[in-house]
1. Using the structure shown, decide if Asp81 is among the acidic types (Asp, Glu) and either within 18 Å of Val108 (Cα to Cα) or touching a Pro at 6+ places or on another chain (Cβ under 8 Å) (or both).
2. If you check Gly94 against the conditions, is it of a type outside the set (D, E, K, R) and outside any strand (DSSP E or B)?
3. Kindly provide the set of residues from segment 139-157 that are more than 13 Å from Tyr97 (Cα to Cα) and touching a strand residue (DSSP E or B) at 6+ places or on another chain (Cβ under 7 Å), ordered by number.
4. In this structure, is Gly89 in contact with a strand residue (DSSP E or B) (Cβ under 8 Å, 6 or more places away or on another chain) and touching a residue at least 40 places away in the same chain (Cβ under 8 Å)?
5. Which of the residues belonging to segment 140-164 are farther than 22 Å from Arg92 by Cα, under 18 Å from the mean Cα position of the chain (by Cα) and of a type outside the set (A, V, I, L, M)?
6. Mind checking which residues of segment 91-115 are out of contact with any helix residue (DSSP H, G or I) (no Cβ under 7 Å at 6 or more places or on another chain) and not basic (Lys, Arg)?
7. Just a yes or no: is a residue in segment 93-103 aliphatic (A, V, I, L, M), over 16 Å from the mean Cα position of the chain (by Cα) and closer than 22 Å to Ile165 by Cα?
8. Gly77 - would you say it is in a loop (DSSP other than H, G, I, E, B), under 15 Å from the mean Cα position of the chain (by Cα) and either basic (Lys, Arg) or under 29 Å from Pro182 (Cα atoms) (or both)?
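The values are calculated or read from the model by the stated rules, or taken from the named source; none is laboratory data. Please read these numbers as outputs of a predicted model, since none were measured by experiment. Ideal geometry is used to build each Cβ from the backbone, glycine not excepted, and the neighbour counts take in all protein chains shown.
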Amino acid sequence: MTSRSAHKERQTQETDISLTLDLDGSGKADIQTGIGFLDHMMHALAKHARLDLSLRCQGDLHVDDHHTAEDCAILLGQAFDQALGQKRGIRRFGYAYAPLDEALVRAVVDLSGRPWAEIHLDLKRPQIGDIACENLIHWLQSFAINARITLHIDLLRGANDHHKIEAAFKALALALRQAITPDQHHDIPSTKGSLAG
């Protein structure tokens, strides 16, 4: 397979982001968003999906965490979609379960070109660290829509919100790793002959 990597930049009045992604990496991550817990989650995603990811973001955190979280997810999703190219010779589907202590989360992905996100984590706290819990959910939604994937994430059990969201990011990582893995066949895994949407 050809190199599956992408470099993206995004500059708006709210954020300035530079991102480099390699789908066939070893899990190396260098992430600085200005939001510690978001850095932690994206690092876990890269590590367990075996993505090499470098991301620098200067955001308007004096306003709040929304623009930074959303724009980082948008750019990573776009880079993921670009790096996949025509999606020829991949498994396409992936699913995984990830536990963290009492929490257990399932993630299912289809690299279909049909963007959709169903995220059900039953978070109770208003925020974790410096990020609102609603923006962690929004990050997952924004990533899926811009990566043009179908994503379902469901909490099966759990009480601690930190555990729930971290298990979700790890389950997503494992599902993505499975879905992007090269298949022994080199066709486009679709009866339509295309995964463009």
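1. yes
2. No, not satisfied.
3. Those that are more than 13 Å from Tyr97 (Cα to Cα) and touching a strand residue (DSSP E or B) at 6+ places or on another chain (Cβ under 7 Å): Leu140, Gln141, Ala144, Ile145, Ile149, Thr150, Leu151.
4. yes
5. Those that are farther than 22 Å from Arg92 by Cα, under 18 Å from the mean Cα position of the chain (by Cα) and of a type outside the set (A, V, I, L, M): His162, His163, Lys164.
6. Asp110, Ser112, Gly113
7. yes
8. The answer is no for Gly77.
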